1. For the range 144-163, give me the residue count where each residue is buried (at least 21 other Cβ atoms within 10 Å of the Cβ) and either of a type in the set (Gly, Ala, Ser) or free of Cβ contacts under 8 Å to residues at least 12 places away in the same chain (or both).
2. I'd like the full set of residues that are of a type in the set (Phe, Trp, Tyr) and either touching a strand residue (DSSP E or B) at 6+ places or on another chain (Cβ under 8 Å) or under 19 Å from Leu25 (Cα atoms) (or both), limited to the range 75-117.
3. If Glu54 satisfies all but one of (1) within 23 Å of Ala114 (Cβ to Cβ); (2) among the charged types (D, E, K, R); (3) within 18 Å of the chain's Cα centre (by Cα), what's the number of the condition it fails?
4. Within the range 68-92, restricting attention to residues that are over 16 Å from Asp144 (Cα atoms) and of a type in the set (Val, Ile, Thr), which residue is farthest from the chain's Cα centre (by Cα)?
5. Would you check if there is a residue in the range 73-92 being touching a Phe, Trp or Tyr at 6+ places or on another chain (Cβ under 7 Å) and without any contact (Cβ under 8 Å) to a residue 60 or more places away in the chain?
6. Quick check on Leu50: is it surrounded by 14 or more Cβ atoms within 10 Å (Cβ to Cβ), touching a residue at least 40 places away in the same chain (Cβ under 8 Å), farther than 16 Å from Ala78 by Cα and not polar (S, T, N, Q)?
Amino acid sequence: MKIEAGARRTGCAWTLATFFGVGYLRPGPGTGGSAAALLLWLAAAHWAHLTHAELSVAALLAAALATLVGIPAASIVAREAQTDDPGFVVLDEVAGQWIALAAAAPRWPLWLAAFLLFRAFDIWKPPPARQLDRIHGGFGIMMDDVAAGAYAMLCVGLLRHWL
């Protein structure tokens, strides 16, 4: 992180972009963000007693909210940290993971597949995720993970028919 001592930090943006500090975990802050999203989804599946359809809608709504909040938050943090894509910004992983989980039922093979497939697509970045990753600012930071989440969601949807 390139931010200088005493430099201005917009607290709310940093809190949201790092998903309440998860982005500071080492090693692998992106995997930490994905794991935090998975744990919240599992908690909702267990305690909220939602149907599969309701859980899917909730995951997509949460992902949309995280994306809408994440674009300006990630833009602010990237500017203040003086870097294009700070590794400690993990709200993008949270949004992408929730998209991937939207196709999963709360059965361990499916949520595990959603987690692993999202991480694989996030690292691999097949088109258009790679092109979105090259866009500067919060839009690029967030949208490559949204694309990776969409790829994972499609794969998990196919797997759900076989498992």
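The values are calculated or read from the model by the stated rules, or taken from the named source; none is laboratory data. What you see is a predicted model, and the numbers here were worked out from it, not measured in a lab. Cβ coordinates were reconstructed from backbone atoms using ideal geometry, including for glycine residues, and neighbour counts include every protein chain displayed.
1. Of the residues in that region, 4 qualify.
2. To start, the set of residues in the range 75-117 that are of a type in the set (Phe, Trp, Tyr) comprises 88, 98, 108, 111, 115.
Scanning the range 75-117 gives Phe88, Phe115.
3. Of everything listed in (1) within 23 Å of Ala114 (Cβ to Cβ); (2) among the charged types (D, E, K, R); (3) within 18 Å of the chain's Cα centre (by Cα), Glu54 misses just condition (3).
4. Thr83
5. No, every residue in the range 73-92 fails to be touching a Phe, Trp or Tyr at 6+ places or on another chain (Cβ under 7 Å) and without any contact (Cβ under 8 Å) to a residue 60 or more places away in the chain.
6. Details: surrounded by 14 or more Cβ atoms within 10 Å (Cβ to Cβ): yes; touching a residue at least 40 places away in the same chain (Cβ under 8 Å): no; farther than 16 Å from Ala78 by Cα: yes; not polar (S, T, N, Q): yes.
Judged against the criteria, Leu50 is not a match.
Here is a yes/no grid of residues against (1) among the hydroxyl-bearing types (Ser, Thr, Tyr); (2) in contact with an Asp or Glu (Cβ under 8 Å, 6 or more places away or on another chain):
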residue: Arg9; (1), (2): no, yes
residue: Ala35; (1), (2): no, no
residue: Trp41; (1), (2): no, no
residue: Ala45; (1), (2): no, no
residue: Ser56; (1), (2): yes, no
residue: Leu61; (1), (2): no, no
residue: Leu68; (1), (2): no, no
residue: Ala74; (1), (2): no, yes
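To keep it simple, each residue is scored yes or no on (1) modelled with pLDDT of 95 or more; (2) of a type in the set (Phe, Trp, Tyr); (3) under 18 Å from Cys155 (Cα atoms); (4) out of contact with any Gly (no Cβ under 8 Å at 6 or more places or on another chain).
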position	(1), (2), (3), (4)
Gly21	yes, no, no, yes
Thr31	yes, no, no, yes
His49	no, no, no, yes
Thr67	yes, no, no, yes
Gly96	yes, no, yes, no
Leu110	yes, no, yes, yes
Arg119	yes, no, yes, no
Asp122	yes, no, yes, no
